[in-house]
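Structure first, then comments.
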Amino acid sequence: MKIAMTLYRLGALGVFLTLGVFAEDPLASTLRQNPSAWLTNTILFGFAVMAGLLLLSVREAWLRNNNRTLMFFSHGAALIATLWLILWCFVWLADMMTMGDKAEMFIKHTAYLHLFGVGFAMAGYTTGWMAQGLGERSARFLMTLGWAASYMAWFNLFLQPALKWLWAPGIGGVLVAVGAFWVSWKLKPAVEAAS
């Protein structure tokens, strides 16, 4: 379980480093020129920073001991992350509408990607409710949170490659998802794991 938690912690740090996009152009210059854009961008990128803080605060003992408080926090965060990812899909759609003649083609092709990205987040959230123990359930919800941050980062890197800080949550979110899945697998009851 130590390797899984190490992957998880490295990934959580990467998700928290989403904070770097606020100091990076073109986002930083947009925020300087238009202070009213702070609210929108704080919701869009700030959620990943808060998710990174939550992910970093998780202790292995809480997962092993089926901590009820962690389950409630991870459940709420996973639900909000799924809705936040859907919000991002609308933002990306609005951005693609400005592509002129290519807009229709981009929208059609990225719709399939969004089905995968949001669908995977929803599947992770659902499997959290299917888990028996609270620790295993919490790990599945944390996996969903990591995936949502990762998908947001990868798709934004595709549309805005200048935001280099998005590499941190892109890779970090995948590490969180892999680490949390590994932890949830280790926490399965012995009878269920044997079958």
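Quick check: is even one residue across segment 22-29 under 18 Å from the mean Cα position of the chain (by Cα) and farther than 15 Å from Ala177 by Cα?
Filtering segment 22-29 down to residues under 18 Å from the mean Cα position of the chain (by Cα) leaves 22.
Narrowing further to those that are farther than 15 Å from Ala177 by Cα: 22.
Yes, that holds for at least one residue.
Return yes or no: is Ser36 modelled with pLDDT under 90 and either of a type in the set (Gly, Ala, Ser) or on the phi > 0 side of the Ramachandran plot (or both)?
Values: modelled with pLDDT under 90: yes; either of a type in the set (Gly, Ala, Ser) or on the phi > 0 side of the Ramachandran plot (or both): yes.
The answer is yes for Ser36.
Pick out the one residue from Phe16, Phe47, Phe22 that is over 20 Å from Ala78 (Cα atoms), open to solvent by 10 Å² or more (accessible area, probe 1.4 Å) and at pLDDT 90 or above. I'd like the intermediate steps shown before the answer.
Working: Phe16 fails: over 20 Å from Ala78 (Cα atoms); Phe47 fails: over 20 Å from Ala78 (Cα atoms).
Just one listed residue meets the conditions, Phe22.
If I filter segment 64-73 down to residues being surrounded by 14 or more Cβ atoms within 10 Å (Cβ to Cβ) and assigned to a helix (DSSP H, G or I), which single residue comes out as modelled with the lowest pLDDT?
So the first thing to find is which residues in segment 64-73 are surrounded by 14 or more Cβ atoms within 10 Å (Cβ to Cβ), and the list is 64, 66-67, 70-71, 73.
Subsequent filtering for residues that are assigned to a helix (DSSP H, G or I) retains 64, 70-71, 73.
Details: Arg64: 91, Leu70: 95, Met71: 94, Phe73: 95.
Taking the candidates together, the pick is Arg64.
Mind checking which helices (runs of 4 or more DSSP H) fall wholly inside segment 1-63 and carry at least 2 residues that are without any contact (Cβ under 8 Å) to a residue 40 or more places away in the chain and farther than 16 Å from Leu145 by Cα?
Details: elements: 2-16, 27-33, 37-57.
In segment 1-63, the matching helices (runs of 4 or more DSSP H) lie at 27-33, 37-57.
Please find, within segment 96-118, the residue that is farthest from the chain's Cα centre (by Cα) out of those that are of a type in the set (Gly, Ala, Ser) and within 24 Å of Leu83 (Cβ to Cβ).
As a first pass, look at segment 96-118 and keep what is of a type in the set (Gly, Ala, Ser): 100, 103, 111, 117.
Next, only the ones that are within 24 Å of Leu83 (Cβ to Cβ) stay: 111, 117.
Details: Ala111: 19, Gly117: 10 Å.
Per the criteria, the residue is Ala111.
Among the numbered criteria (1) under 30 Å from Lys188 (Cβ atoms); (2) of a type in the set (D, E, K, R); (3) touching a helix residue (DSSP H, G or I) at 6+ places or on another chain (Cβ under 8 Å), which one does Lys2 miss?
Single failed check for Lys2: (3).
Is segment 179-191 home to any residue that is under 25 Å from Phe45 (Cα atoms), free of Cβ contacts under 8 Å to residues at least 60 places away in the same chain and assigned to a helix (DSSP H, G or I)?
Applying the first criterion (under 25 Å from Phe45 (Cα atoms)) to segment 179-191 yields 179-181.
Next, only the ones that are free of Cβ contacts under 8 Å to residues at least 60 places away in the same chain stay: 181.
With the extra rule that they be assigned to a helix (DSSP H, G or I), the set shrinks to 181.
For segment 179-191, residues under 25 Å from Phe45 (Cα atoms), free of Cβ contacts under 8 Å to residues at least 60 places away in the same chain and assigned to a helix (DSSP H, G or I): present.
Any chance segment 150-158 includes a residue that's touching a helix residue (DSSP H, G or I) at 6+ places or on another chain (Cβ under 9 Å), hydroxyl-bearing (Ser, Thr, Tyr) and either over 21 Å from Lys2 (Cβ atoms) or open to solvent by 90 Å² or more (accessible area, probe 1.4 Å) (or both)?
Taking every residue of segment 150-158 in turn, at least one turns out to be touching a helix residue (DSSP H, G or I) at 6+ places or on another chain (Cβ under 9 Å), hydroxyl-bearing (Ser, Thr, Tyr) and either over 21 Å from Lys2 (Cβ atoms) or open to solvent by 90 Å² or more (accessible area, probe 1.4 Å) (or both).
Of everything in segment 84-133, what is among the β-branched types (Val, Ile, Thr), in contact with a Leu (Cβ under 9 Å, 6 or more places away or on another chain) and surrounded by fewer than 18 Cβ atoms within 10 Å (Cβ to Cβ)? Give them in sequence order. Even if it seems obvious, please write down each step before you answer.
Our first condition is that a residue be among the β-branched types (Val, Ile, Thr); within segment 84-133, this holds for 86, 91, 98, 107, 110, 118, 126-127.
Now drop any that are not in contact with a Leu (Cβ under 9 Å, 6 or more places away or on another chain), which leaves 91, 107, 110, 118.
Once the filter is applied, which keeps residues that are among the β-branched types (Val, Ile, Thr), in contact with a Leu (Cβ under 9 Å, 6 or more places away or on another chain) and surrounded by fewer than 18 Cβ atoms within 10 Å (Cβ to Cβ), segment 84-133 yields Val91, Ile107.
Any idea which of Lys164, Lys108 is among the charged types (D, E, K, R) and free of Cβ contacts under 8 Å to residues at least 12 places away in the same chain? Working first, answer last.
Numbers: Lys164 fails: free of Cβ contacts under 8 Å to residues at least 12 places away in the same chain.
Step by step, each of Lys164, Lys108 is checked, and only Lys108 is among the charged types (D, E, K, R) and free of Cβ contacts under 8 Å to residues at least 12 places away in the same chain.
Report whether or not Leu142 is under 18 Å from the mean Cα position of the chain (by Cα), at pLDDT 90 or above, surrounded by 15 or more Cβ atoms within 10 Å (Cβ to Cβ) and in a helix (DSSP H, G or I). Let's see the steps before the verdict.
On the way: under 18 Å from the mean Cα position of the chain (by Cα): yes; at pLDDT 90 or above: yes; surrounded by 15 or more Cβ atoms within 10 Å (Cβ to Cβ): yes; in a helix (DSSP H, G or I): yes.
When the stated conditions are applied, Leu142 passes them.
So, in segment 1-22, how many residues would count as being over 12 Å from Arg59 (Cα atoms) and of a type in the set (Ser, Thr, Tyr)?
Residues meeting the conditions: 1.
The values are calculated or read from the model by the stated rules, or taken from the named source; none is laboratory data. Source: prediction; values computed, not measured. Backbone-built Cβ (ideal geometry, glycine too); neighbour counts: all protein chains shown. The protein model used for the area step is the full one, side chains on, heavy atoms only, and it has no ligands, DNA or RNA in it. Shrake-Rupley method; radii C 1.70, N 1.55, O 1.52, S 1.80 Å.
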